[in-house]
1. Relative contact order of the range A:50-135, please, whole-number percent, based on alpha carbon pairs below 8 angstrom and at least 6 residues apart.
2. Return the Rg/Rh value of the range B:76-168, two decimal places, where both radii are evaluated on C-alpha atoms and Rh is the Kirkwood radius.
3. Given Cβ point charges of +1 (Lys, Arg) and -1 (Asp, Glu) and nothing else, what value in debye, to the nearest 20, does the dipole of the range B:76-168 about its Cα centre take?
4. Of all DSSP beta bridges in the protein assembly as shown, what percent run antiparallel (nearest 5)?
5. Arrange B:D172, A:D62 by Cβ neighbour counts within 10 Å, fewest through most, would you?
6. Report relative contact order for chain A in percent, whole number only (criteria: Cα-Cα under 8 Å, sequence separation at least 6).
7. Taking each residue in B:372-378, count the Cβ atoms of any other chain within 10 Å of its Cβ, then average. What number comes out?
8. Using a simple spin-label model with points 7 Å from Cα along the Cα→Cβ vector, what separation in nm is obtained for B:N310 and A:V235?
Amino acid sequence: MRLKLVPKNTSWDFFSRSKLWIGISIVLVVLSLLSFFIQSLNFGIDFRGGTSIRTESSEPIDVADYRSALSSLDLGDITISEVFDPNFADDQNVAMIRIQAQPGQEAATSTLVENSLQKLREVSEDIKFVSVESVGPKVSGELIKTAIIAVILAISAVLFYIWIRFEWQFAVGAISALIHDVILTIGIFSALQIKFDLAIIAAILTIVGYSLNDTVVVFDRVRENLRKFKKRSLVEVMNLSINETMSRTVMTSVTTLLALISLFILGGDVIRGFVFAMIWGVVVGTYSSIFIASAILLWTGVKRDWSKPNAEAGTQVPQ
Amino acid sequence: MLQIALWKRLVIWFLCIGGLLLALPNAFYSRVESFNDAKLTSETAEGWPSFLPSSLVNLGLDLRGGAHLLAEVQVADVYEQRMAALWPEVRDLLRNERAKVGTIRLQKGEPNELKIKLSKPEAINDAVKLVETLAKPVSSIGSVGKLDLEVIGENSDLIVRLSEAERRATDDRTMQQALEIIRRRIDEVGTREPTIQRQGTERILIQVPGIGSASELKQLIGTTAQLTFQPVIAARVNSDSIAGSGEELLPSLENPSEFYLLDAGAVVTGEELVDAQPSFDQNGRPAVNFRFNPSGARKFGDYTAENIGNPFAIVLDNEVISAPTIQSHIPGGSGIITGSFTIEESTELAVLLRAGALPAGLLFLEERTIGPELGADSIRAGKIACVVAFGAVLIFMAASYGLFGLFANVALLLNVGLIFGLLSGIGATLTLPGIAGIVLTIGMAVDANVLIFERIREELVSAKGPARAIELGYEKAMSAILDANVTTFIAAVILFVMGSGPVRGFSITLGLGIITSVFTAIFVTRLLVVMWFERRRPKTIEV
């Protein structure tokens, strides 16, 4: 007996409710943007500058004690949070401390780190710093710029590729789905205030790749079926194509999610945010390639007969 | 139908076996690592067969622990030094022509230029011509025929600065020198595989695995270990003495409340040192012996001959180490630095001097320290996650596609082997996001196979016989596989170009993963399916 996640021959109608799906997506996009503009993102030091210290101690952590210990150093804005992870040993208590960029300085001086360690020793004797990362405002500014350029470049490059391999309508559909995915990912990071650092940009670019992967597979089938069934309406052909590729879409999403979820649970807290972004991206990307990319392709319409020259070009009256 | 030429089969197997052989050393990481270390120091290394490949995947700092620094070289420092050194020459030249240009006075101006006031403004053009004779051609490719100085007359002010071409040439030299000096200092400590790279025009990336912290690394590099020998104008003054133009006020190393007023133009700098050794002075106190190169020796000799009885200062990092009085002409170009050093301090100072001074200051823009425990934890967690992800995907594929699923699983295992093989082959670095990239690849690698298998299923429905269905399945799935993977690959390439550090590590595993997964899906599983089909010749197949 084979495991079948999708019945053998499906003929679900994906477009009867397409207005509803598009509506839901628009609402989510607007909510994401609102959240982004109202509470912004919880930028990590990569983008904001500052120092991030990971501490480890055998004694339980009291965030308030840590804070009062550090307050005498007059370091400005400090965020302290305890980290929990199933991989930690019983006496392994981990906290992340983030200190804002000090005015007039690039990377943190050794004295800042030294002083903080001394102050924290008063609270928790065996505390040690397992990692210290410090990024100056100069570099963090550049990192933001490079990250935005990278995302825009990636999107334009694939836009161009799809335009060449398919038709411009396909490119518009795919890119809308892509932008939708990127905005929703930024939205959830803003809404839940998960730390947004360089690795998340890598995750977003992977989502870009994955979401396209999915969209392209559906579009490839649409292109093939458009040639095969010249008489059927576009809606029919698209429904058929999505149904035909449904099994593959679900299989690939499930295997990828299986791998990602095991990484999410077991891979440690350092990359949890990164993996979360990817899981979210796979789910949203799968959804968007079916409900967004295809719906937009349906709306923009597509040239049916691929073998003959453009019909419009022939009807033009010479001046 | 369903035929693969023998040579193609051989190539496919050859690539697989080659890739796995390259990956093999990583399975015995610590053994091969100690083997490689032993090979570096002696010919007789044991523990690993020498006919097997022995290159390993480099572990990134986030996995191994160590320190990372991004430093910006303050290239403009050099302009300032050049101008300070030029001043005596300009001064002497103009003084000799006093009748024509009148008296001169050095004004406070931008640090990277000399601003000289003439008492006869009408002679400014003559003065410009005079000073221009000091300019030499720029010695770098691409600026042939250009001069190194730019001399401008503004009313009664004469402004001398480095020309644009010379500044570019100087920047380049400064960077190369800084890189070389940093490399030598890190090598003196003998750590394993440090990365010292130039980034952009003015930055240097330094990564040293295994070092305790970034501040330790900074100390090692020495923010500015600049050694100069400067004439003393006034010794033992207090901190509120005012330094005129061309002079500077520096504290004493032994007694920070004691200051020296020095001529800013150095007689000789540490760049002209050829050797420095820890030693002892005649009273048995720790000291450092040094020797200059011929040009340094000449300058030092001339100066000491002319200034017997005057004090001169040995300055390290803007602190006066000592200011001995010149007893006699010192012709040989060697000398001794004494101060109240401990033996450790004199040894350290000798090392610093020997490695040479950094030509300009460093500003640290980014620093990261990752403890080895954290790296070890990440590797452990990554391994467990990989194994579980693997198991889940293998079971899922077998349950969904039966025998074909097993073929895909063989390809998947091979795939991860090949990724490691390629990573070691090209000497890439594995980072924590890189491990995530591998796990993601495990999930996505099956995609190409899934596309093919689903297609075969569909083609089976049209009932053209299993052989034809398999052939059509591969044929028709190809365009989707190609388009889907090219788009992801584009994202990986952009990440590689724009990203840095861990992100770049991720893009490498993702990109390699795409290549190997396409290879294993369209060549390896196909070969497996064809071989199985040839042996069994089934009338019907179930995918």
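1. Working: 148 pairs, mean separation 41.5, N = 86.
For the range A:50-135, the relative contact order is 48 percent.
2. 0.97
3. Values: 16 positive and 16 negative charges, 50 e Å.
For this selection, approximately 240 debye.
4. Working: 92 of 97 bridges.
Percent antiparallel among DSSP bridges in the protein assembly as shown is about 95.
5. Values: B:D172 13, A:D62 16.
The fewest-first ordering by Cβ neighbours comes to B:D172, A:D62.
6. Details: 427 pairs, mean separation 80.1, N = 319.
For chain A, the relative contact order is 25 percent.
7. Numbers: counts 1, 5, 7, 3, 0, 11, 6.
Going residue by residue through B:372-378 and averaging, the value is 5.
8. 9.8 nm
Read the figures in this text as sums done on the coordinates, not as results from a lab. Everything numeric in this text was worked out from a predicted model, so none of it was measured. Neighbour counts are summed over all protein chains in view; Cβ atoms, including those assigned to glycine, are modelled from backbone coordinates with ideal geometry.
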